[in-house]
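Here's the structure we're looking at; comments come further down.
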Number of protein chains: 2
Amino acid sequence: MNEAQPLTRIQARNRAAILSGGLDAFSSAGFRGATLDQIAEAAGLSKPNLLYYFPSKDAIYTALLEGLLETWLDPLHALDADGDPVAEILAYAHRKLAMSRDFPRESRLFANEILAGAPQIGAVLSGPLRSLVDEKATVLRGWMEAGQIRASDPHHLIFSIWALTQHYADFDVQVRAVLGETDPFAGADRFIDQLFRSVLEPVQDRPL
Amino acid sequence: MNEAQPLTRIQARNRAAILSGGLDAFSSAGFRGATLDQIAEAAGLSKPNLLYYFPSKDAIYTALLEGLLETWLDPLHALDADGDPVAEILAYAHRKLAMSRDFPRESRLFANEILAGAPQIGAVLSGPLRSLVDEKATVLRGWMEAGQIRASDPHHLIFSIWALTQHYADFDVQVRAVLGETDPFAGADRFIDQLFRSVLEPVQDRPL
DNA sequence: TCTCGATTTGACCGTTCGGTAAAACAAACG
DNA sequence: CGTTTGTTTTACCGAACGGTCAAATCGAGA
C-alpha cells in the first residue's frame, strides 16, 4: 500500500488490466461468484501470471473496494454548507447520477458488496460513512430550520438520492428493458431535478 | 409444474425448507456464489437428499424466481385507473415499501438477478413487465393531462418508486449502519409519503 | 406383520476452484 | 557479451463444486 517502488510500465498496464477485469467479474457475479480464470481471461493474462501481480482473489477485491470508496463519497463531501441549499442538494443528486452513468460497474460492485452483507466494508459503513452522513444531515437540518428548504427527514432525504441515482446503474438492465431504445439518463436527470425541487422548495404561501 | 400429485406432508415441508434455504443463499451470494451444501445445511438436509426434491441448483433458483415474479408485480397491477390518482400512487408506494420490509430476501434475490444481467428473467423484463409498465404509464399520463397530478415522466415516476422502496431492502445493511438503532421503515414511510405528495399534488396557483 | 413405495444416506465421480513451484523466457544494464 | 532482475508459462496440488448411484432406511396401508 505504501511501497515506494517506481512501478514499471508493464506493471502499471497489467495491474490496471487485472483491476478492470476484476471489476467486470465482481460487479456482475459478486465476490463468491467471480472466478480468477474469468478475471485472468478478461485481463489477457494466465492465472499464475495474474497471481504474480496480486497475491490472491481477496487482494484484487480489496484493492477495488479501497480505490472505490475514496471517490464514492466525494460528491457528498462536496456538499457545501455555505452554498445555496437547493442548488447544493440538486448538484449532489446530479453528480451522483453522473457517476451512475459514467461508472456503472463501480456502482454494481458496491451494490453486490452490500447485498452480500458488507463483509469487507461493514466497518466503513458504521464508521466514516455514518459520520459523514450525520454531519451532512446536520447541515440539511440547519437549512430546514432556517426555512431555506422544506422540513423533512435529512437522513432519508440522503437515502432517497442514493436510491434514485444508483438505481439507474444497478438496475440498468431492467430500466433499459422497460424503456426500450430510449436513453434512460436524459429522462432520469430531468425527473430527479423535478422531484427534488418539489420536496425542497419551501412553501411560500401555504395553500389549503 | 402441473403434476397433479397430492404432495405428502414430508414433501411439502422439505420443499419449503429447501426454497427457504435457497432464498437465504441466493439472495446474499447470488446464483453463482451460493452452493448446494450451503442450501442443504440451511434446509437441514443432506445434499443428495436435497437433490431428491429438486433435480439441480438451477431448478431451485428457477422455482424461487417464478414464485417471486407472480407476487412481485401484484402491487403495480393493483394500481387502479379509476381510483383517486394521488391516493392510488401513494398506496402503491406504501405497498411496495411494505414488501421491502416483509420480504427483504425476495427483494435481494431479485436485485442479484438483475445485477448479474438478468440471465433468467430477461425475457420477462422486456416482455410482460414492459407491457405492464407501459400500461400503467399510460394511466399516469392520463391523470397528468387531466390535471389531476402534476406532469412528469410516468416511466421515471414508476422507477423512482421502485428505487426508493427497494433500497430499504437491498441496502438494508447500509441503511441500518448509518441510522444506528433507529428502525428505518417508520421514517421511510413518512418520507416517501411526503416526497411523492410533493411531486404529485397539482399546482393550484403557480407561484413565481 | 409384511410389503411396497417414499425417503435418506454414504460413497463416489469428474470438473472447477484458488493457489503454488519451478523452470523458461524477456529485458535492462554493466 | 554475460548477468541479473523482472515476467510468463507449464505442470501441478488439495479442496470444494454440482451431481450420481446403489444401498439402506423409513412409513403407511393391506
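Just so it is clear, none of the values below were taken in a lab; they were calculated from the coordinates. Owing to the predicted nature of the structure, the values given are computational and were not obtained by experimental measurement. Glycine gets a Cβ as well: all are built from the backbone with ideal geometry, and neighbour counts include every protein chain shown.
Between B:Asn49 and A:Asp37, how high is the FRET efficiency from 1/(1 + (r/R0)^6) when r is the Cβ-Cβ distance and R₀ = 30 Å? Nearest 0.05. That pair, B:Asn49 with A:Asp37, gives E of 0.45. The lysines whose alpha-carbon is closer than 20 Å to the alpha-carbon of B:Lys136, local same-chain residues fewer than 8 away aside, are B:Lys96.
Measuring r between the beta carbons of A:Thr71 and B:Asp134 and using R0 = 41 Å, the FRET efficiency lands at 0.65. The GluC sites (Glu not before Pro) of the stretch A:88-189 that DSSP puts in a loop, and whose beta carbon has at most 12 other beta carbons within 10 Å, are A:Glu181.
Taking the C-alpha atoms only, the angle from helix A:9-33 to the longest principal axis of chain A is near 70 degrees. Could you tell me which of A:Pro75, A:Ala87, A:Phe110 has its Cα farthest along the dipole of the stretch A:1-124 towards the positive end, charges placed at Cβ (Lys, Arg +1; Asp, Glu -1), taken about the Cα centre? The residue sitting farthest along the positive end of the dipole is A:Phe110.
Full extension of the chain between A:Glu181 and A:Glu201 yields a length gain of 3.9 nm, computed as 0.36 nm times the residue separation minus the alpha carbon distance. With only Cα atoms counted, the stretch A:1-79 has Rg and Dmax values of 13.6, 45 Å.
Charge dipole (Cα centre; +1 on Lys/Arg Cβ, -1 on Asp/Glu Cβ; no other charges) of the stretch B:73-200 amounts to roughly 240 debye. Three principal axis extents of the protein assembly as shown based on alpha-carbon atoms, in descending order, are 70, 67, 43 Å. Over the C-alpha atoms of the stretch B:21-155, the Rg to Rh ratio, Rh being the Kirkwood estimate, stands at 1.10. Using alpha carbon centroids, what distance separates the stretch A:30-97 and the stretch B:159-208, in Å? Cα centroid to Cα centroid, the span is 26 Å.
Taking a straight Cα-Cα cut-off under 29 Å and skipping sequence neighbours fewer than 8 places away in the same chain, the lysines within cross-link reach of B:Lys47 are A:Lys57, B:Lys57.
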